[in-house]
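Only the coordinates and a few stated rules stand behind these numbers; no lab work does. Given the structure is predicted, the values throughout are model-derived calculations rather than measurements. All Cβ positions, glycine included, derive from the backbone under ideal geometry; neighbour counts span all protein chains shown.
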Amino acid sequence: MPKGPILDSHVHIWDPLRMRIPWLDDIPSLNQAMWLDDYAVATEGLDIEGFLYLQVEVAPPYAFQEAMEITALSRLNPLIKGVVPWAPLEFGDLCRAFLQHLTSIGPEIKGVRRIVQDEPDPEFCLQPGFVRGNQLLAEFALSSDLCCNFRQLAANVELVRRCPDTQFIMDHIAKPDIRENAFQPWADQMRELASLPNCSCKISGVVTEASVNSWTLDDVKPYVLHTLEIFDEDRVVFGSDWPVVTLASSYTRWVDTLDDLTGDLSEHAKRKLWHDNARRFYRLDA
C-alpha cells in the first residue's frame, strides 16, 4: 500500500437514470448508478485524499448538465477536487463560446476531454478544427485529457506537437494492445510523446487493456515500466479509472499492482506519482 495520501487523477461517477450514457448499454455490470458511496466502499482502507472527475461520455445534449451538476456536487463534497468535462473541440474557433460558458461555471473546471478512441479515422485528432480547439484551451487555462488507443497514438503525438502552449495528459498510457502482447510501435511512439514537454501521462486504464479475466502483474509490467522510464518523475500520475477498472480488477488490486511495480522508485518520486503531480497538473492550489 502506498505511503501517504492518494490523489486519484481519474474517477467517474454516474447515474444512467439521470443522464443518457449510451456506451453503458452493452455493459450490464456498469449500467447502474455508480456514486460517491460506491467509491467509498471500493477504496475502503486506502488513504484517499480526493479525486479528479473525468467526463463519462454522456450523450452530447447532457454534456453541459454534467459539468454543472458535478461542479455543484464538488462544492458539497470535498472529495471531488476538480472537474474535467467534455467540449466539442472539433469545432475549432466555434468552440470558444462553449469554453467561455464552461469556465464561467467556476474554477473547479480544470480541463476538458474529447475522447477520440472510438473515431474510425485514426487521424481524427489532426483535422484543423480539432487542432484549433485544443490550441484554444491555453487561452482559458484549461488542459486537455487525451483518450486514444494505440492505433491513434502517432496522430495524437503530432497533435501535442502542434499545440505547444496547451498542457496535455495522456489517459491510460494510450491503451496499448496488452492482450496481444504488442509492444511496438506503441513503445517508440510513447517515447516520442514523452519527448514533448507539454505532455504528461496517467498510469491508468492498464488492466482493462489486458486479458480482463486472467491478467497478471507480468502482463502489464513492461508497459507500466516503459511509461515510467520515458516520462520523467514530474509527469506521471496515478489514476484508477474507477469504476471501469472493475471490469478487470478491484480498486485495491490495481493500487497494489502499481505499488509493486514502483517499488524501486524513491519515496519522493512515489509521492509525486500518487499525489503531487496530479495536484500540480490540475492546478488544485490555484
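Counting charges near Ala33 (Lys, Arg +1; Asp, Glu -1) among other residues having Cβ under 11 Å from its Cβ returns a value of -2.
Straight distance only, please: which lysines reach the Cα of Lys272 with their own Cα at less than 18 Å, same-chain residues fewer than 8 apart left out? Here the lysines satisfying the reach criterion relative to Lys272 are Lys3, Lys81, Lys202. Summing Lys and Arg as +1 and Asp and Glu as -1 over all other residues whose Cβ lies under 11 Å from the Cβ of Glu209 gives a net charge of -2. The ranking of Tyr251, Tyr62 by Cβ neighbour count inside 10 Å, starting from the fewest, reads Tyr62, Tyr251.
In this label model, Asp256 and Asn31 are separated by 3.2 nm, measuring between points 7 Å along each Cα→Cβ vector. Using the average count of surrounding beta-carbon atoms within 10 Å as a protection proxy, the listed peptides 26-32, 55-61 rank, highest first, as 55-61, 26-32. Neighbours of Arg253 by Cβ distance under 12 Å: Lys/Arg scored +1, Asp/Glu scored -1, total -3. Estimated from helices alone, the mean residue ellipticity of the chain at 222 nm is -9500 deg cm²/dmol (sum of -39500 (n - 2.57) over DSSP H runs with n ≥ 4, per residue).
Quote the relative contact order of segment 6-281 in percent (integer), defining contacts as alpha-carbon pairs under 8 Å separated by 6+ residues.
For segment 6-281, the relative contact order is 18 percent.
Give the shape of segment 144-286 as rounded, prolate or oblate, defined through the alpha-carbon gyration tensor: a ≥ b ≥ c are the square roots of its eigenvalues, a/c under 1.5 means rounded, and otherwise the shape is prolate if a/b is larger than b/c and oblate if not. Oblate. In segment 114-236, Cα pairs under 8 Å separated by at least six residues give a relative contact order of 23 percent. Taking the fewest neighbouring Cβ atoms within 10 Å as the starting point, the ordered list for Asp241, Asp47 is Asp47, Asp241.
Of (1) 59, 45, 35; (2) 46, 40, 39; (3) 65, 61, 32, which one was derived for Cα extents along the principal axes in Å from the structure shown? Correct label is (2).
Given R₀ = 22 Å, what would the calculated FRET efficiency be for Arg161 paired with Ala286, taking r from the Cβ atoms and rounding to 0.05? Before the final figure, lay out each step's value.
Working: r = 26 Å, r/R0 = 1.20.
Step by step, r from the Cβ atoms, then E = 0.25.
Shown is the FRET efficiency for Asp15 and Glu180, computed with R0 = 51 Å from the Cβ-Cβ distance and rounded to the nearest 0.05: 0.90.
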